[in-house]
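Taking it in order: structure first as structure tokens, then the write-up.
Since every read-out is calculated from the coordinates, none of them should be taken as a lab result. For clarity, every value in this text was computed on a predicted model and none was experimentally measured. Ideal geometry is used to build each Cβ from the backbone, glycine not excepted, and the neighbour counts take in all protein chains shown.
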Amino acid sequence: MFKKGDKKSNEKNTKKVLVETYDAYKIPRSQHSISRNDIDDNALKVLYRLHNAGFRALLVGGGVRDLLLGLKPKDFDITTNATPEEVKALFRNCRLIGRRFRLAHILFGREIIEVATFRGHHDDDNGQDKQKVKQSQGGMLLRDNVYGSLEEDAERRDFTVNALYYDIADFSLYDFCGGMQDLAERKLTLIGDPEVRYREDPVRMLRAIRFAGKLDLEISAECAEPIRRLAPLLQDIPAARHFDEVIKLLLSGQGLDTYRLLKEYKLIQMLFPVLFKDGEDDKANSMIEQALKDSDQRIREGKRVTPAYIYAIMLWYPVEQRAHAISFESGMEYHDAFLLAMNEVLSIQVKTIAIPKRFTATIRDIWSLQLRLPRYGGKRAQRVYHHIKFRAAFDFLELRAKIEQSEELAELTAWWQEYQLHNELPQHDHSRKRNNRSTEQKPDDQNRAAKKPYKKRRYTKPAAKTSE
Ligand code: ATP
Ligand code: MG
């Protein structure tokens with residue numbers, strides 16, 4: 001599919017590349033829809049500074065792809081013939097990152113504009129490249145820092161739709177790999193031989209699913225075929241990289257569609273080894289689907305979603321099953337077995353996905369509160385209510401009640417619902433407390449104060465599950 005360029009330069013990292021026009025691949029400004037008005041101001045600043053210093057400067061990747069699809073890009077990636085060091089010399093607010101791929105990050109407050117130097121081909125036998133490229137025995141690229149021309153850079157990218165360039169020099173586009181046609185056909189195609197490209201970097205399988213889910217593109221047959229077969233290669237990916245990928249997969253607004261694709265392509269088990277270990281579990285599946293549907297909705301409404309909640313959902317039934325098994329096998333109290341199961345499941349999970357400690361702490365809180373929510377006698381209700389993760393644990397309980405269609409859980413949810421209506425805000429809600437103290441009482445607060453104290457309803461503790 002990839003055609004060689006008409007005026008290919010052998011010089012690497014040269015400032016003279018302006019002579020390379022690549023006319024055959026050029027789409028002039030009058031024939032495409034991208035306007036500078038759609039491009040982030042900081043990205044434009046970086047593009048112009050590079051351009052004015054005599055370097056090539058082009059927008060590439062999701063920024064170009066999403067604008068062509070009429071979507072708002074998540075971020076703007078820039079590519080240039082300036083080396084990372086040359087980029088650093090141009091920007092005070094720049095830091096160089098990455099070993100596998102050396103990149104420059106230009107910082108504008110919280111916004112980061114990523115600038116990558118054109119990547120080139122490498123010849124394994126070439127001693128010069130040995131420092132810059134490292135490949136595992138299975139063909140996985142461990143390091144890839146050979147720089148090249150714009151055309152070579154296109155070939156090193158993953159999908160054709162991600163290899164479209166917007167040139168700040170004359171606002172034209174470059175399409176070396178047929179990305180425009182694939183966008184028109186809404187097709188996702190890898191550049192080059194799919195199996196080789198997946199072996200080089202197995203995360204490309206996850207990226208295929210992510211773009212298919214997020215952009216509603218169809219994965220071409222030849223790119224879809226190897227995925228189920230090569231899925232186990234994902235086990236070789238560092239757990240830290242998986243953490244970032246999974247967030248992008250499940251918490252970008254199309255989590256439900258993406259999850260279904262991950263399942264269809266047998267990738268979900270590679271990421272969550274304890275999930276569906278003994279075949280698909282309807283309850284777990286319904287709970288995950290419902291939670292992802294809700295979180296997609298929250299994202300559409302601009303609300304916050306937390307990775308910890310989704311992880312707690314994904315792993316809840318495996319923890320419950322394991323707790324029952326431990327308790328059955330050892331005769332241990334269910335509560336103790338549950339704590340053991342929680343630790344066991346999380347320690348298996350973090351080997352695949354490096355979930356940071358602050359999230360595993362929240363996951364544990366949400367789970368262990370499920371055992372405390374049914375026991376609200378005496379002062380217990382108040383203590384649970386004042387737990388910093390009460391709200392998340394309550395939402396979790398409500399979801400369980402819905403999924404399990406359990407009357408007991410529904411009744412418990414209703415009890416807590418009513419309790420919340422009639423009780424003070426939890427003490428940990430500092431901001432609201434402080435506001436209440438510093439301002440005059442609001443009418444709502446007066447009403448609350450006038451209300452009768454809440455009378456506890458009798459509630460029978462659910463049997464079995466939490467007390468075995
Ligand atoms: P988005 O930012 O919307 O999630 P993106 O396509 O911009 O999507 P990034 O991860 O920001 O994704 O990467 C920017 C570009 O870098 C990609 O479009 C692609 O051209 C290239 N790229 C990223 N990851 C890989 C990879 N694993 N293999 C080859 N090229 C990649
Ligand atoms: Mg991007």
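Tabulated data for the structure shown
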{"read-out": "For region 331-338, 3J(HN,Hα) per residue [Karplus equation, 6.51 cos²θ - 1.76 cosθ + 1.60, θ = phi - 60°, Hz, x = Gly/Pro]", "value": "x, 5, 3, 4, 4, 5, 4, 5"}
{"read-out": "Amide H partners (placed H, <5 Å) of Phe108, local residues excluded", "value": "Ile113"}
{"read-out": "Sites Asn343 and Asp40, calculated FRET efficiency, Cβ-Cβ separation with R0 41 Å, nearest 0.05", "value": "0.40"}
{"read-out": "Listed peptides 22-32, 76-86 by packing density, highest first (mean Cβ within 10 Å)", "value": "76-86, 22-32"}
{"read-out": "C-alpha center-to-center spacing [region 15-76, region 310-378] in angstrom", "value": "48 Å"}
{"read-out": "Estimated FRET transfer efficiency when R0 is 30 angstrom, pair Lys266-Thr21 (beta carbons, to 0.05)", "value": "0.10"}
{"read-out": "Contact order normalised by residue count of region 217-334, Cα under 8 Å, 6+ apart, percent", "value": "24 percent"}
{"read-out": "Separation of the Asp75 and Ser286 label points, Cα + 7 Å toward Cβ, nm", "value": "3.9 nm"}
{"read-out": "3J(HN,Hα) from dihedral phi, region 254-265, Karplus parametrisation 6.51/-1.76/1.60, rounded to Hz, x for glycine, proline", "value": "10, x, 5, 4, 5, 4, 4, 5, 4, 6, 4, 8"}
{"read-out": "Alpha-carbon centroid distance for the pair region 235-283 / region 140-208, whole angstrom", "value": "24 Å"}
{"read-out": "Placed amide H near Asp201: partners under 5 Å, 5+ positions off or other chain", "value": "Leu141"}
{"read-out": "Dipole moment magnitude, nearest 20 debye, region 226-291 about Cα centre, only Lys, Arg, Asp, Glu C-beta charged", "value": "180 debye"}
{"read-out": "Spin-label model distance (nm) - Ile247 vs Glu85, 7 Å beyond Cα toward Cβ", "value": "3.2 nm"}
{"read-out": "Region 60-124 - Kirkwood radius from inverse mean 1/r over Cα pairs (Å)", "value": "12.9 Å"}
{"read-out": "Separation of the Ala325 and Val196 label points, Cα + 7 Å toward Cβ, nm", "value": "4.3 nm"}
